[in-house]
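The values are calculated or read from the model by the stated rules, or taken from the named source; none is laboratory data. Computed from a predicted structure; not experimentally measured. Cβ coordinates were reconstructed from backbone atoms using ideal geometry, including for glycine residues, and neighbour counts include every protein chain displayed.
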Amino acid sequence: MTTTAATSGQKNESPSDRPARDDAWAVLERFYAAEAAYVAAGGFGRAGYDEVAACLDPEVVLYQAPGLPFTGSGTWRGHDGMERFLAAFGEVWESMEFLEQEHWGDDDTVVVRNRLRFRARATGREVDTEIVQVIRVRGGRMLECRPFYWDPAAVVGACTPQPGDR
């Protein structure tokens, strides 16, 4: 097991500036940095997608749990599907900060426990939560991702407008 403290705003390097390791954790580090930069830049139509796409296998599949504000159909396939997912994700969140990570795995599969802080665009409210992800990689790129949210109700609550929000 490896534990790291992580903050998306601490580094100014892009994922392509990092050493090109192909093990599952290295792929995830590149993806997380690209994803956070994409969301921070405003997402679809405002941010470049090339850094994210470089981390993804052409046959990538993301399986999201139903009931969250950004899950849509729940299954997102290929580069186009991931870009559509990140567009929906970016519409919901204005920022995401990785606070802590633990990971276990090998060259092809990694399980990651992320503690993150999200800030919702619609409400300005933040949620500090945990997500466990099971991720498979192929050829140095993410092939499959299955995230499990510790407190989906808190995620939905942060995104649901209430009187007094923004």
Any pair with Cβ under 9 angstrom, 6 or more apart, that starts in segment 29-51 at a residue that is more than 14 Å from residue 89 (Cα to Cα) and in contact (Cβ under 8 Å) with a residue 24 or more places away in the chain and ends at one that is assigned to a helix (DSSP H, G or I) and among the basic types (Lys, Arg): 51/30
So residue 48, is it under 21 Å from residue 154 (Cα atoms) and of a type in the set (Gly, Ala, Ser): no
Checklist (1) modelled with pLDDT of 80 or more; (2) in contact with a Phe, Trp or Tyr (Cβ under 6 Å, 6 or more places away or on another chain) applied to residue 1, failing item: (1)
Of all residues making up segment 52-80, the number that are within 14 Å of the chain's Cα centre (by Cα) and free of Cβ contacts under 8 Å to residues at least 60 places away in the same chain: 5
